[in-house]
2 protein chains.
Amino acid sequence: MNWKSLPPLTSLRAFSAFAEKKNVVQAGAALNVSHAAISQQLRVLEEHMGVALLDRSGKTMSLTAEGEHLARALHLGFGAIGAAVEELVRSGSDRPVHVSLTSSFAASWLMPRLPAFRAVHPEIGLILDPSPELVELRPGGVDIAIRYGEGGWSGVDSQMLLRSPMVIVAAPELLEDKSDWTPADLAELPWLQEVGTTEASMWLAGRGAEIGPGAGRIEVPGNLVLDGLRAGQGVTITVRHFVEQDILNGRIVELYSEPDAAGYHIVTARSPMRAEVKTFVGWLKRQARQV
Amino acid sequence: MNWKSLPPLTSLRAFSAFAEKKNVVQAGAALNVSHAAISQQLRVLEEHMGVALLDRSGKTMSLTAEGEHLARALHLGFGAIGAAVEELVRSGSDRPVHVSLTSSFAASWLMPRLPAFRAVHPEIGLILDPSPELVELRPGGVDIAIRYGEGGWSGVDSQMLLRSPMVIVAAPELLEDKSDWTPADLAELPWLQEVGTTEASMWLAGRGAEIGPGAGRIEVPGNLVLDGLRAGQGVTITVRHFVEQDILNGRIVELYSEPDAAGYHIVTARSPMRAEVKTFVGWLKRQARQV
DNA sequence: TTCATATGTAACCCAGACTTACATATCGAA
DNA sequence: TTCGATATGTAAGTCTGGGTTACATATGAA
């Protein structure tokens with residue numbers, strides 16, 4: 001391909017649009033530009049090629065024989081390009097947006113807001129995939145993951161969605177009148193933990209304690225942890241944001257708080273995002289801002 | 001054609017060049033830009049389409065399946081466009097440049113300089129068409145005309161090539177010892193006039209005189225007017241530039257000079273000039289400057 | 001003539017395409 | 001495993017091409 005001798009592509013596009021519409025005003029409309037822009041580009045093209053493409057006699061402009069010839073080629077050429085682009089773009093767009101997240105985030109934050117998303121973007125399908133572990137983000141598979149942490153993971157792009165520290169919480173009934181709970185004391189209470197996760201044990205271990213043999217660890221599906229917590233069935237570690245209301249109205253007591261800069265992040269692969277994914281991510285961020 | 005959803009054409013071109021060269025540096029070379037420009041345009045395209053077109057793992061980049069698909073379409077599309085453009089541009093370029101001019105300009109100014117043009121641009125053919133009258137400038141016919149006057153003709157573009165006033169001249173032999181020639185006196189002398197032109201009669205008429213019956217008007221082909229003048233066969237009106245040397249060395253006497261801003265102009269149609277015509281016009285102007 | 005329609009032009013503005021310079025990543029060879 | 005060679009990425013600033021607006025001009029129809 002001899003690119004260097006090709007006229008400016010903008011001028012070819014303007015000419016093609018003019019050839020289609022037979023009128024600079026409409027050609028401009030088709031390209032989202034003013035009629036003057038088309039007029040100028042047509043001159044640029046003729047000047048560049050040194051060929052009379054347009055017959056400017058009379059009120060309306062028409063194509064010369066050479067112009068018709070070029071117009072046919074442009075229609076075919078740009079047509080082929082446009083068709084291929086369209087095909088590739090839309091081949092992705094009927095696939096739903098695949099979101100991997102933790103079940104607690106899904107239950108406590110995302111699910112209540114989903115109806116609002118459906119209302120605004122009924123055309124975008126979603127797959128919510130609650131799984132405790134990080135999954136591979138790859139084209140054709142999971143589009144985005146929502147994960148808790150401090151960000152900065154390597155190999156992926158991440159942006160903070162919701163900043164909130166981890167807290168150790170329990171219902172007042174469980175704690176009875178005792179205050180000043182040390183980690184070792186807490187280890188003797190029953191613990192609620194989502195199946196397959198180890199945050200609770202890790203937290204205790206990090207403080208030299210270990211869940212006592214008599215206390216018992218209750219492993220429940222992620223969506224039931226908070227319900228059990230409120231029912232006074234055990235202590236648990238969770239993201240403060242999810243129990244904020246309960247803490248404020250005294251239904252839950254906050255025992256320890258991790259003062260780090262962690263929070264939920266939107267994690268995406270370092271490859272271009274489909275338009276639908278961008279839409280969903282944008283919506284997520286707007287939702288998080290207006291909490 | 002749905003122009004509005006098309007990605008920037010620059011980015012499509014960059015991608016197509018990359019697909020061809022398999023390498024950003026060479027793709028840049030093919031488009032006369034730096035490798036960084038290609039790199040950035042590839043990102044723009046992927047971002048716009050939301051489709052992974054490139055596999056960036058490893059040292060070299062390669063196309064994904066989607067990328068290959070798009071590359072094929074772009075190759076065909078841009079190929080069709082490039083071929084049509086090339087065809088139109090070269091269809092004009094084997095036709096010689098057709099120049100209409102007066103025979104006196106041809107003989108006195110252009111012909112002596114033509115060998116220099118042939119030496120620099122052997123690939124450009126010329127047709128010199130000496131004709132006294134203005135001709136129609138149209139695509140496929142006469143490309144440029146060289147005409148004497150004050151410029152500003154309507155319907156055409158003109159640019160001054162050589163400024164020089166009209167003068168009335170004669171050989172000293174013809175004038176003998178008499179000086180102070182009035183127009184009426186001159187009317188009694190023989191006049192040399194190019195066949196088909198009326199400048200001489202017009203000049204006399206404009207001054208209340210008329211070629212006398214005894215004097216005689218000698219109509220000769222344009223290329224012979226200056227020869228006859230030098231041989232003392234008659235008075236004539238001509239452009240001063242052509243007889244400048246003769247005036248300076250006394251072989252010709254300048255009787256009257258029209259002090260207007262006239263001169264030879266390059267006259268072209270208000271339609272795009274073929275590349276070869278531009279070359280010739282540029283050469284003409286450079287020649288005129290260095291006189 | 002006058003109005004309506006279509007295109008041209010001048011002059012200024014701005015986004016996006018480009019450059020330069022430096023950084024980073026991978027592969028192969030010593 | 002270090003080093004050089006090769007290939008691509010990134011930051012930051014520049015500049016111009018493509019655009020806008022506002023006005024001018026030309027043609028055809030009534």
- What does the charge add up to near A:L162, with Lys and Arg as +1, Asp and Glu as -1, over the other residues with Cβ less than 11 Å from its Cβ? +4
- Message: How many Å² of accessible surface get buried when A and B come together, counting both sides, probe radius 1.4 Å, rounded to the nearest 100?
- Response: 4100
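Compute the orientation-averaged projected area for region A:25-101 from the convex hull of its Cα atoms and round it to one decimal in nm².
About 7.9 nm², averaged over all directions.
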- Query: Can you list residues whose amide H is under 5 Å from A:L54's amide H, if they're 5+ apart or on another chain and H is modeled 1.01 Å from N?
  - Reply: A:T64
- Using modelled amide H (1.01 Å from N, peptide plane; none on Pro or chain starts), what sits under 5 Å from the amide H of A:L101, excluding residues fewer than 5 places away? A:D129, A:S131, A:I146
- Item | Hits among aspartates and glutamates - C-alpha to C-alpha of B:K285 under 18 Å, sequence gap 8 or more where chains match | B:D143, B:E150, B:D157, B:E276
- Would you calculate the separation in nanometres between label points at B:K278 and A:A231, each defined as 7 Å from the Cα along the Cα-to-beta-carbon direction? 8.3
- How large is the charge dipole for region A:3-93, taken about the Cα centre, if only the Cβ atoms of Lys, Arg (+1) and Asp, Glu (-1) carry charge, to the nearest 20 debye? 160
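Taking each residue of A:156-169 in turn, how many C-beta atoms of other protein chains fall within 10 Å of its C-beta, and what is the average? Spell out each step's value before the answer.
Values: counts 0, 0, 0, 0, 0, 0, 0, 0, 0, 0, 0, 0, 0, 0.
If you average over the peptide's residues, the count of other-chain Cβ atoms is 0.
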- Taking the Cβ of A:S5 as the center, what net charge do the other residues with Cβ under 11 Å away carry, scoring Lys and Arg +1 and Asp and Glu -1? +1
- For the peptides A:202-210, A:14-22, what is the packing order when you average, over each peptide's residues, the other Cβ atoms within 10 Å and list the highest mean first? A:14-22, A:202-210
- Task: List the relative contact order of region A:3-93 as a percent without decimals, with contacts defined as Cα pairs under 8 Å and 6+ residues apart.
- Result: 24
- Query: For the protein assembly as shown, which whole-number percentage of the solvent-accessible area (1.4 Å probe, protein heavy atoms only) is attributable to carbon and sulfur atoms?
  - Reply: 52
- Message: Per 0.36 nm of contour for each residue apart, how much would the distance between A:L174 and A:R43 grow if the chain were fully extended, relative to their Cα-Cα spacing?
- Response: 38.9 nm
- Task: Grab the other residues whose beta carbon is less than 14 angstrom from that of A:S108, score K and R as +1, D and E as -1, and report the net.
- Result: -1
- Note on the structure: Reduced to Cα centres, the span from region A:73-136 to region B:42-57 in Å works out to 17
- Compute the accessible area per residue over chain B, keeping the other protein chains in place, probe 1.4 Å, unit Å². 49
- What is the diffusion coefficient of chain B in µm²/s, taking the Kirkwood radius over Cα pairs and the Stokes-Einstein relation at 37 °C with a viscosity of 0.692 mPa s? 137
- Message: Sorted from largest to smallest, which semi-axis lengths in Å does the alpha carbon gyration tensor of region A:141-291 give for its equivalent ellipsoid, taking the root of 5 times each eigenvalue?
- Response: 33, 17, 14
- Whose amide H sits under 5 Å from the amide H of B:G234, counting only residues 5 or more places off or on another chain, with H placed in the peptide plane? B:A171
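How well do other chains shield peptide A:268-277, expressed as the mean number of their Cβ atoms within 10 Å of each residue Cβ?
Mean partner shielding for this stretch: 4.
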- Message: With a cut-off of 8 Å between alpha carbons and a minimum separation of six or more residues, what is the relative contact order of chain A in percent?
- Response: 19
- Ordering A:111-117, B:34-40 by per-residue average of other C-beta atoms within 10 angstrom, highest first, gives B:34-40, A:111-117
- Pull up the DSSP beta bridges for the protein assembly as shown and report the antiparallel fraction as a percent, rounded to 5. 60
- Task: Return the average number of partner chain Cβ atoms within 10 angstrom of each residue Cβ along peptide B:50-61.
- Result: 3
- Message: Using the Karplus curve 6.51 cos²θ - 1.76 cosθ + 1.60 with θ = phi - 60°, what ³J(HN,Hα) values do you get for each residue of region B:53-59, in whole Hz, with x for Gly and Pro?
- Response: 9, 10, 9, 9, 6, x, 6
- Determine ³J(HN,Hα), in whole Hz, for all residues of region B:63-75 in sequence, where each value follows from phi through the Karplus function 6.51 cos²θ - 1.76 cosθ + 1.60 and θ = phi - 60°; x replaces Gly and Pro. 7, 7, 4, 4, x, 4, 4, 4, 4, 4, 5, 5, 4
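Percent relative contact order of region A:17-149, based on C-alpha pairs within less than 8 angstrom and at least six residues apart?
Taking the mean separation of contacting Cα pairs over the length of region A:17-149, I get 18 percent.
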- Report, to two decimal places, the Cα Rg of the protein assembly as shown normalised by 2.2 N^0.38 Å (N = number of residues). 1.73
- Task: Taking the Cα centre of the protein assembly as shown as origin, work out the dipole magnitude from +1 charges on Lys and Arg Cβ and -1 charges on Asp and Glu Cβ, in debye rounded to 20.
- Result: 340
- Message: Run the label-point distances for A:M160 please: 7 Å along Cα to Cβ, every other copy, nanometres, shortest first.
- Response: 7.1
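The values are calculated or read from the model by the stated rules, or taken from the named source; none is laboratory data. Source: prediction; values computed, not measured. Neighbour counts run over all protein chains shown; Cβ positions are idealised from the backbone, glycine included. We work out accessible area using only protein heavy atoms, side chains counted, and drop any ligands, DNA or RNA first. Shrake-Rupley method; radii C 1.70, N 1.55, O 1.52, S 1.80 Å.
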